[in-house]
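Asks: I have a structure I would like to understand better, so I am pasting it below and will then ask my questions one at a time.
The values are calculated or read from the model by the stated rules, or taken from the named source; none is laboratory data. Quick caveat: nothing in here was measured; it's all calculated off a predicted structure. Neighbour counts run over all protein chains shown; Cβ positions are idealised from the backbone, glycine included.
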Amino acid sequence: MPRWNDNDQRWVVRGSSVLLYNMLKSAREDPWTLTPYLEKYPAEACKGFFDAEEWVNIEQYMVAAGSTNPDNISLFEKLLRKLDIDCRRHKCRQSETLISPRDDKLYRRNSEFIMYLAIYGEDNILRFAEKVSFTITRKRAALMELVRKYCGY
């Protein structure tokens, strides 16, 4: 049943599923357990991952996603290739701490490295925009700005 949250000024709906919980819990330990499900819908799977972990760098003509779990990066690299979207992996050292832009608190990171999955090149960016894109409006707008640069608008 939807309920209004006064603090966040939005509607909240909650649900639960033991089956879904157990499946996602096992996927956290080994993301490859979800492969049969994700391979059926690679564009939708990539959209969810990139909505959560992605950014668009218009100046560098790049769409990228990051994760401290290399298995996540490998899995979504495979799914992107299934959609005929070429991408590259990068491993970068990250600082030990992070100041959250949301609450200005200092957090200690769990991992020394972060893996990035980057999509470069006109054909790959246009294919990503056509087949995957984003649900989040601000990310979709940034992607469309990048696509316009390629198309000369």
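Asks: Select from the range 45-66 the residues that are in a strand (DSSP E or B) and either modelled with pLDDT under 90 or surrounded by fewer than 20 Cβ atoms within 10 Å (Cβ to Cβ) (or both) and list them in ascending order.
Replies: Scanning the range 45-66 gives Glu54, Trp55, Asn57, Met62, Ala64, Gly66.
Asks: Across the range 67-93, what is the number of residues that are surrounded by fewer than 17 Cβ atoms within 10 Å (Cβ to Cβ) and among the small types (Gly, Ala, Ser)?
Replies: 1
Asks: Something else now. Identify the residue in the range 9-21 that is out of contact with any strand residue (DSSP E or B) (no Cβ under 9 Å at 6 or more places or on another chain) and modelled with pLDDT of 85 or more and, among all such residues, is farthest from Ser74 (Cα to Cα).
Replies: Within the range 9-21, the match that is farthest from Ser74 (Cα to Cα) is Gln9.
Asks: Quick check on the range 83-100: of everything there that is in contact (Cβ under 8 Å) with a residue 12 or more places away in the chain and outside any strand (DSSP E or B), which residue is farthest from Ala64 (Cα to Cα)?
Replies: Applying the filter and picking the extreme gives Glu96.
Asks: When residues of the range 13-44 are filtered for being outside any helix (DSSP H, G or I) and exposed (fewer than 10 other Cβ atoms within 10 Å of the Cβ), how many remain?
Replies: The number of residues fulfilling the criteria is 5.
Asks: Follow-up. So Leu24 fits all but one of (1) aliphatic (A, V, I, L, M); (2) at pLDDT below 90; (3) within 17 Å of the chain's Cα centre (by Cα); (4) more than 20 Å from Thr135 (Cβ to Cβ); what number is the exception?
Replies: (4)
Asks: In the set Phe128, Phe113, which member is of a type outside the set (D, E, K, R) and under 20 Å from Asn69 (Cβ atoms)?
Replies: Just one listed residue meets the conditions, Phe113.
Asks: Find all pairs meeting these conditions: Cβ atoms under 6 angstrom apart; at least six residues apart or on different chains; first residue within the range 136-150 and part of a helix (DSSP H, G or I); second residue of a type in the set (Val, Ile, Thr).
Replies: Cβ pairs passing all conditions: Ala142/Val56; Leu143/Val56; Glu145/Ile58; Leu146/Val56; Leu146/Ile58.
Asks: The conditions are (1) surrounded by fewer than 17 Cβ atoms within 10 Å (Cβ to Cβ); (2) among the small types (Gly, Ala, Ser); (3) under 29 Å from Leu24 (Cβ atoms), and Gly121 fails exactly one of them. Which is it?
Replies: Looking at each condition in turn, Gly121 falls short on (3).
Asks: Right, here's the next one. Residues in the range 71-79: is at least one within 19 Å of the chain's Cα centre (by Cα), in a helix (DSSP H, G or I), among the β-branched types (Val, Ile, Thr) and within 15 Å of Glu54 (Cβ to Cβ)?
Replies: Among the residues of the range 71-79, at least one is within 19 Å of the chain's Cα centre (by Cα), in a helix (DSSP H, G or I), among the β-branched types (Val, Ile, Thr) and within 15 Å of Glu54 (Cβ to Cβ), which makes the answer yes.
Asks: Within the range 101-135, how many residues are within 16 Å of Ile58 (Cβ to Cβ), among the aliphatic types (A, V, I, L, M), touching a Cys at 6+ places or on another chain (Cβ under 9 Å) and not in a strand (DSSP E or B)?
Replies: The number of residues fulfilling the criteria is 1.
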